1. Kindly list, by first and then second residue, each pair from a residue in the range 40-52 that is of a type in the set (G, A, S) to a residue that is modelled with pLDDT of 95 or more, limited to pairs with Cβ atoms under 6 Å and residues at least 6 apart or on different chains.
2. Checking E10 against (1) touching a Ser or Thr at 6+ places or on another chain (Cβ under 8 Å); (2) surrounded by fewer than 16 Cβ atoms within 10 Å (Cβ to Cβ); (3) among the charged types (D, E, K, R), which test does it fail?
3. Given A100, A149, which one is more than 27 Å from E56 (Cβ to Cβ) and either in contact with a strand residue (DSSP E or B) (Cβ under 6 Å, 6 or more places away or on another chain) or at pLDDT 95 or above (or both)?
4. State the number of residues belonging to the range 24-46 that are modelled with pLDDT of 90 or more, within 13 Å of I65 (Cα to Cα) and not β-branched (V, I, T).
5. Name the residue that is surrounded by the fewest Cβ atoms within 10 Å (Cβ to Cβ), counting only residues in the range 30-60 that are among the small types (G, A, S) and in a loop (DSSP other than H, G, I, E, B).
6. Just one of G95, G63 is in contact with a Gly (Cβ under 8 Å, 6 or more places away or on another chain), outside any strand (DSSP E or B) and under 23 Å from D25 (Cα atoms); which is it?
7. Return the pair list, or none, for Cβ contacts closer than 6 Å from residues in the range 85-110 that are in contact (Cβ under 8 Å) with a residue 12 or more places away in the chain to residues that are surrounded by 17 or more Cβ atoms within 10 Å (Cβ to Cβ) and assigned to a helix (DSSP H, G or I), at least 6 apart or on different chains.
8. Under the condition of being acidic (D, E) and assigned to a loop (DSSP other than H, G, I, E, B), which residue from the range 123-144 is surrounded by the fewest Cβ atoms within 10 Å (Cβ to Cβ)?
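The values are calculated or read from the model by the stated rules, or taken from the named source; none is laboratory data. In this text the structure is predicted, and so the values were computed from the model without any measurement. No Cβ is skipped: glycine too gets one built from the backbone with ideal geometry, and neighbour counts run over all protein chains shown.
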Amino acid sequence: MEIKIRQELEEDYEKVYQVVKSAFDKAEHTNGDEQNLVNRLRNSHTFVPQLSLVAERNGEIVGHILFTKAKVSGTTQLVLAPLSVIPALQSCGIGGKLIAEGHRIARELGYEFSVLFGHAHYYPRFGYVPASLFGIQTDIEVPDENFMAINLQGKDTKLNGMLQVADEFGN
C-alpha cells in the first residue's frame, strides 16, 4: 500500500472534513467535533499551512494531521490536533507517516517542541512523553499521562511554563 504525504490544499478541505468525521465517528474518547475543530483552526492566527498534511492512497485522501502554534514561557511551540485516519486503514501505519512528516517539517521550520492531548498507549511510540518532563503544564482538564510532548530538536531543554493554545480549541 503506497501512501503519499503532502501538504493539504484548499480544495482538500471537504474531503478532509469527511475523513476527520469518519475517523472519530465511533471513538469513545471524543466529543465528535474534531472535524469542526480542524475548520476553526485553519481560520486561526495559529494555523501553520505547511503543517496541515494529508495522506493519499490511490489519489484518495485517507488521513490528515494538523499542527498549530502555541505558546509556552513566551516561546512559540506546536500543538498536534487532531490526527485522523479513515477507520478501514487505521493500524496500517498511516498515522505514523503523518506524524513523522509533520515532525520533519516542524524541525526544518525551527520548532522545538510539539505538545498534544492524546492517548498514552499510542503516542509514546512516536517519541511523545509526559509534557511535565519538560516542565510544560496545562490548565486543560486531562489526565497527566494524556498530556504529552516531544522535543523535536533533541536538545536537553525544559520550557517550565503553562501551555497557551488557540482560543479555537475551546469554542
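1. S52/E8; S52/L66
2. That leaves (1) as the condition not met.
3. Details: A100 fails: more than 27 Å from E56 (Cβ to Cβ).
Result: A149 is the single residue among A100, A149 that is more than 27 Å from E56 (Cβ to Cβ) and either in contact with a strand residue (DSSP E or B) (Cβ under 6 Å, 6 or more places away or on another chain) or at pLDDT 95 or above (or both).
4. At the first step, the residues of the range 24-46 found to be modelled with pLDDT of 90 or more are 38-46.
Checking which are within 13 Å of I65 (Cα to Cα) leaves us with 38-39, 41-42.
Filter once more, so that each one left must be not β-branched (V, I, T): 39, 41-42.
Within the range 24-46, residues that are modelled with pLDDT of 90 or more, within 13 Å of I65 (Cα to Cα) and not β-branched (V, I, T) number 3.
5. Narrowing the range 30-60 to residues among the small types (G, A, S): 32, 44, 52, 55, 59.
Remaining after also requiring in a loop (DSSP other than H, G, I, E, B): 32, 44, 59.
Numbers: G32: 11, S44: 17, G59: 6.
Within the range 30-60, the match that is surrounded by the fewest Cβ atoms within 10 Å (Cβ to Cβ) is G59.
6. Working: G63 fails: outside any strand (DSSP E or B).
The unique qualifying residue is G95.
7. V85/A23; V85/I94; V85/G95; I86/V19; I99/F126
8. Of all residues in the range 123-144, those acidic (D, E) come to 139, 141, 144.
Subset that is assigned to a loop (DSSP other than H, G, I, E, B): 139, 141.
Numbers: D139: 7, E141: 5.
Result: E141.
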